[in-house]
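To start, the structure itself, in structure tokens.
The values are calculated or read from the model by the stated rules, or taken from the named source; none is laboratory data. For clarity, every value in this text was computed on a predicted model and none was experimentally measured. Virtual Cβ from ideal backbone geometry, glycine too; neighbours counted across all protein chains shown. Quick note on the areas: whole protein, heavy atoms, side chains included, nothing else; ligands and nucleic acids left out. Shrake-Rupley method; radii C 1.70, N 1.55, O 1.52, S 1.80 Å.
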Amino acid sequence: DGGITQSPKYLFRKEGQNVTLSCEQNLNHDAMYWYRQDPGQGLRLIYYSQIVNDFQKGDIAEGYSVSREKKESFPLTVTSAQKNPTAFYLCASSIKQGDEQFFGPGTRLTVL
Amino acid sequence: AQSVTQPDIHITVSEGASLELRCNYSYGATPYLFWYVQSPGQGLQLLLKYFSGDTLVQGIKGFEAEFKRSQSSFNLRKPSVHWSDAAEYFCAVAFSGGYNKLIFGAGTRLAVHP
């Protein structure tokens, strides 16, 4: 089955620790995205990548970092510089920019 | 600035009743339009999309949406709601130019009474 996987589903970290969220897709999509979702705020774009070895900051990139070394993988690192990291994180992909996006099941990060 | 507005934060309907969820956008040209649905703790699933052509779009699960250029709206409708439709619904708009960024509305949470 083609799709997007995110792991883990739930993640707990202590304040001050970096944490990396996994996102893998086998849809052969060029574009991949990371969103943060907070209650009542919809989805906000953190980073996006149009192609391997290229990525751009979204609206709320501060405190986050990404890499795109392989077409199918787009991991997100939440660094200790992110002031309020507890949130639901969604990864998505699309054939190209502007097309419909397919979403993974999400990772809920809780920083204690 | 480009924006997407979903005026209703919460809507409650009775099972079997009709449903309309509102979505308005602020943009000069015709964007690409999407409706997504999210069950609690899950990812988003695409219900339908509009790129061009017929302004009445049919989607999955019996949903439809109508693009009205004059009102900058893309409202989602369903003639008869089922209890399983209870979820959060997001309107999203991709504005052309630049990198075709997808902007999401804040969402409308739908509750369905038996």
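Counting only residues at least eight positions apart within a chain, or on another chain, the lysines with an alpha carbon under 17 Å from that of B:K101 are A:K57, A:K96, B:K49.
Measuring between their Cα centroids, region B:4-27 and region A:39-85 lie 30 Å from each other.
State the extension gain, in nm to one decimal, for the chain segment bounded by A:I60 and A:T110, taking 0.36 nm per residue of separation less the distance between their alpha-carbons. Stretched out fully, the A:I60 to A:T110 stretch lengthens by 16.2 nm. In this simple spin-label model, placing a label point 7 Å from the Cα along the Cα-to-Cβ direction at both B:S18 and A:D38 gives a separation of 3.8 nm. Charged neighbours of B:A106, selected by a Cβ distance under 11 Å, balance to -1 (K, R count +1; D, E count -1). Accessible area of the protein assembly as shown with a 1.4 Å probe: how many percent of it is carbon plus sulfur? Here carbon and sulfur together make up 49 percent of the probe-accessible area.
Measuring between alpha carbons in the structure, the pairs from A:K83/B:K68; A:K9/A:K70; A:K70/B:K61 lying more than 31 angstrom apart are A:K83/B:K68; A:K70/B:K61.
If you take the accessible area of A alone plus B alone and subtract the pair, what total do you get in square angstrom, rounded to 100, with a 1.4 Å probe? Summed over both sides, the interface buries about 1600 Å². Heavy atoms of the protein chains alone define the surface here; on that basis region A:49-105 has 46 Å² accessible area per residue at 1.4 Å probe size.
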